[in-house]
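Structure record follows, encoded as structure tokens.
Only the coordinates and a few stated rules stand behind these numbers; no lab work does. Computed from a predicted structure; not experimentally measured. Heads up, the Cβs are rebuilt from the backbone with ideal geometry, glycines too, and the neighbour counts pull from every protein chain shown.
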Amino acid sequence: MKDTAKHQGLRNQLVTLLEQKGITDKNVLEAIRKIPRHLFLNSGFEDYAYQDKPFPIGAGQTISQPYTVAFQSQLLEVKKESKILEVGTGSGYQTAVLYAMGAKVYSIERQNELFKSTSLLLPKLGIRPKHLSFGDGYKGLPNYAPYDGIIVTAGAPLIPKPLMAQLKIGGRLVIPVGEESRSQIMTLLIRRDETRFEKHELGEFRFVPLLENKN
């Protein structure tokens, strides 16, 4: 598991590109500069790891393109010790970025194959989320709620009510919403009080679908 000067140089170029695309949160940019994305991909894809593109990671899932990771992370407004629920651990790259930003990360993954491989990979890279779980992301992780932020890394046809309920007042939920057959709308919900949520729609993205009903 090597992270060479060449890799670091490619990450610096990627950060410059993300800045040009409008990412301004220094905490996000430094996390992306720090995390070796190539180690989260099959070694055959290493040459493409620092292009701004998604890639397949197995189990019908993808690692999101770096801009999408940065955009969602920026919307969360993560502060040191922020308690963040991630729905869709996937490769663990987004998990690692949030961890590098200083968040306490609780993450849930529905695909057992990915859950097992990522649970082994993250500690090898010195990345230690507070909790990794195998289960149904629609249900969240109520035992650890409430959260300062919730990030969903797959497209959902609607915003799951259990996730809204697990958000702290003042907390932020970032989720791509839309049908599987088309692009999704990146949606930000800010919880204003027990019953009121402020909603912002922030452009079209493409995600794999958020799968439900995992026992």
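Qualifying trypsin sites (Lys or Arg not before Pro) in the stretch 44-99, where qualification requires a DSSP coil assignment and no more than 12 other C-beta atoms within 10 Å, comprise 79, 80.
For the stretch 5-205, what proportion of DSSP beta bridges, expressed in % and rounded to the nearest 5, is antiparallel? Bridges in the stretch 5-205 are about 45 percent antiparallel.
Among the listed pairs 2/34; 116/161; 83/199; 26/124, which have their C-alpha atoms separated by more than 23 angstrom in this model?
Working: 2/34 13 Å; 116/161 28 Å; 83/199 21 Å; 26/124 26 Å.
As for pairs spanning more than 23 Å Cα to Cα, those are 116/161; 26/124.
Using the count of nearby Cβ atoms within 10 Å as a rough guide to exposure, how do 194, 204 rank from fewest to most?
Details: 194 7, 204 12.
Fewest-to-most Cβ neighbours within 10 Å comes out as 194, 204.
Just from its helices, what would the mean residue ellipticity at 222 nm be for the chain, if runs of 4 or more DSSP H residues each count -39500 (n - 2.57) and the sum is divided by every residue, rounded to the nearest 500 deg cm²/dmol? Kindly include the intermediate steps, with their values, before the conclusion.
Working: 6 runs with 62 residues, N = 215.
Taken over the chain, the calculation gives -8500 deg cm²/dmol.
Model label points for residue 42 and residue 131, set 7 angstrom from Cα along the Cα-to-Cβ axis, are 3.3 nm apart. Projected onto its three principal axes, the C-alpha set of the stretch 1-47 covers 31, 17, 15 Å, listed from the longest axis down. Taking 1.002 mPa s as the viscosity and 20 °C as the temperature, the Stokes-Einstein diffusion coefficient of the stretch 1-102 based on its alpha-carbon Kirkwood radius rounds to 156 µm²/s.
Out of the GluC sites (Glu not before Pro) in the stretch 62-136, which ones are loop residues according to DSSP with at most 10 other C-beta atoms within 10 Å?
Details: sites: 77, 81, 86, 109, 113; in loops: 77, 81.
Here the sparse-neighbourhood loop sites are 81.
Dividing the Cα radius of gyration of the stretch 53-170 by 2.2 N^0.38 Å, with N the residue count, gives 0.97. Most tightly packed first, judged by the mean number of other beta-carbon atoms within 10 Å of their residues, the peptides 46-54, 29-37, 160-168 read 29-37, 160-168, 46-54. Where the centre of each part is set by its Cα atoms, how far does the stretch 70-87 sit from the stretch 109-127, in angstrom? When both Cα centres are located, 19 Å separates them.
Each residue of the stretch 45-61 was assigned a 3J(HN,Hα) from its phi angle through the Karplus curve 6.51 cos²θ - 1.76 cosθ + 1.60 (θ = phi - 60°); the sequence is 9, 4, 5, 9, 4, 10, 7, 8, 9, x, 9, x, 10, x, 6, x, 10 Hz, with glycine and proline shown as x. Calculated on the alpha-carbon coordinates, the convex hull of the stretch 111-162 measures out at 102 cubic angstrom per residue.
In summary, the aspartates and glutamates within cross-link reach of residue 168, defined as a Cα separation below 18 angstrom excluding same-chain residues under 8 places away, comprise 77, 81, 86, 148, 193, 194, 198. At q = 0.11, 0.12, 0.13, 0.16 Å⁻¹ the log10 of I(q)/I(0) for the chain amounts to -0.47, -0.56, -0.67, -1.06, computed by Debye summation with a single uniform scatterer per C-alpha, solvent ignored.
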